[in-house]
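A.B. asks: Following this message is one structure expressed as structure tokens.
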Amino acid sequence: MRRRKREDVNMPLMEHIRALRKALVISAYAVALGTVLGWVFSDQVFAYLARPVVGLTGVSFVTTTPMEPMMVKLKVSLAVGVIVALPILIWQIWSFVLPALKQNERKYLYLIIPSSLLLFLLGAAFSFYFVIPMGMRILLFVGSYAVPTTSLLTKSSYLSFLISFILTFGLVFQLPIVLLLLIRIGIITPKTLAKKRKWAFFIIIVVAMLVSPTPDIPTQALMAGPMYLLYEISIWLGFLVAKNREKALNA
């Protein structure tokens, strides 16, 4: 895939718009093809995604409108399309965000993209297998011991809830990529990140409270914990990145 040249940093606004349009068109085609594939397996996919709820006693799915089953099938197909197209989407995003890489720096793009994809999938998996099951138990059964309750969920509302969780955690897990990029281009240093641990912890708590799809403390803690761990990992990896940067500048 062709990359924009370094001199394109100063290219006219229309050129930026054309580059953005090209990235969007390629991404749209990739998602569309993935959605077609997702339609074929949408029923099996939703059955798997519904496991955190199906395994709970006293919780059932209901249909409230004639169009809901069709809309759920479309949403699942689109979600599968995005997952299938994720490598292409991440490539397009980073290729557009980082247009000014030198020839000898383009190797970092081939490291950033698989790392970004892996972290997104790790965040999504952590959300689906750990956070969502706990969140469903907390949210659906709050107060149920005081008054007998039968929880009825629509497939559409559950799917929207699920997607918001997975997307949020997938994006949050991109933190090391962003921090290491800032270190690599010299905007911050790992020593600065290490000195600001207390502030980072406070900011992470606030961010977790703001972006968490649910207001319960356990879910926010499950988001803040990995974020801070990723912050610490970024510091240690940052020292290696900073060392390589100094060697490149002194070469």
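A.B. asks: Quick one: which helices (runs of 4 or more DSSP H) lie wholly within the range 3-71 and hold at least 1 residues that are modelled with pLDDT of 90 or more and over 24 Å from the mean Cα position of the chain (by Cα)?
C.D. replies: 13-40
A.B. asks: Under 18 Å from residue 160 (Cβ atoms), out of contact with any Cys (no Cβ under 6 Å at 6 or more places or on another chain), crowded, with 17+ Cβ neighbours inside 10 Å and of a type outside the set (S, T, N, Q), is that true of residue 54?
C.D. replies: Details: under 18 Å from residue 160 (Cβ atoms): yes; out of contact with any Cys (no Cβ under 6 Å at 6 or more places or on another chain): yes; crowded, with 17+ Cβ neighbours inside 10 Å: no; of a type outside the set (S, T, N, Q): yes.
When the stated conditions are applied, residue 54 does not pass them.
A.B. asks: Moving on to the next point. Report yes if some residue within the range 189-208 is outside the structural domain of residue 124 (by TED's automatic domain parsing), in contact with a helix residue (DSSP H, G or I) (Cβ under 8 Å, 6 or more places away or on another chain) and under 17 Å from residue 124 (Cα atoms); otherwise report no.
C.D. replies: Within the range 189-208, one or more residues are outside the structural domain of residue 124 (by TED's automatic domain parsing), in contact with a helix residue (DSSP H, G or I) (Cβ under 8 Å, 6 or more places away or on another chain) and under 17 Å from residue 124 (Cα atoms).
A.B. asks: Just the residues that are β-branched (Val, Ile, Thr), farther than 22 Å from residue 27 by Cα and in contact (Cβ under 8 Å) with a residue 40 or more places away in the chain, please, taken from the range 38-91.
C.D. replies: 53, 59, 62, 63, 64, 72
A.B. asks: Within the set of pairs 6 or more residues apart or between chains, which connect a residue that is closer than 19 Å to residue 94 by Cβ inside the range 5-22 to a residue that is surrounded by 10 or more Cβ atoms within 10 Å (Cβ to Cβ) and at pLDDT 50 or above with Cβ atoms less than 6 Å apart?
C.D. replies: 6/100; 8/99; 9/100
A.B. asks: So is residue 138 part of a helix (DSSP H, G or I), among the β-branched types (Val, Ile, Thr) and under 23 Å from the mean Cα position of the chain (by Cα) or not? Reasoning before the result, please.
C.D. replies: Numbers: part of a helix (DSSP H, G or I): yes; among the β-branched types (Val, Ile, Thr): yes; under 23 Å from the mean Cα position of the chain (by Cα): no.
The answer is no for residue 138.
A.B. asks: For the range 129-162: of the residues being exposed (fewer than 14 other Cβ atoms within 10 Å of the Cβ) and touching a strand residue (DSSP E or B) at 6+ places or on another chain (Cβ under 9 Å), which is modelled with the highest pLDDT?
C.D. replies: So, considering only residues that are exposed (fewer than 14 other Cβ atoms within 10 Å of the Cβ) and touching a strand residue (DSSP E or B) at 6+ places or on another chain (Cβ under 9 Å), the one modelled with the highest pLDDT is 152.
A.B. asks: Where residues in the range 233-243 are more than 13 Å from residue 178 (Cα to Cα) and touching a residue at least 12 places away in the same chain (Cβ under 8 Å), which of them is surrounded by the most Cβ atoms within 10 Å (Cβ to Cβ)?
C.D. replies: In this case the residue turns out to be 242.
The values are calculated or read from the model by the stated rules, or taken from the named source; none is laboratory data. The structure presented is a predicted model; accordingly, all values stated were derived computationally and were not measured. So basically every Cβ, Gly included, is an ideal-geometry build from the backbone, and we count neighbours across all protein chains shown.
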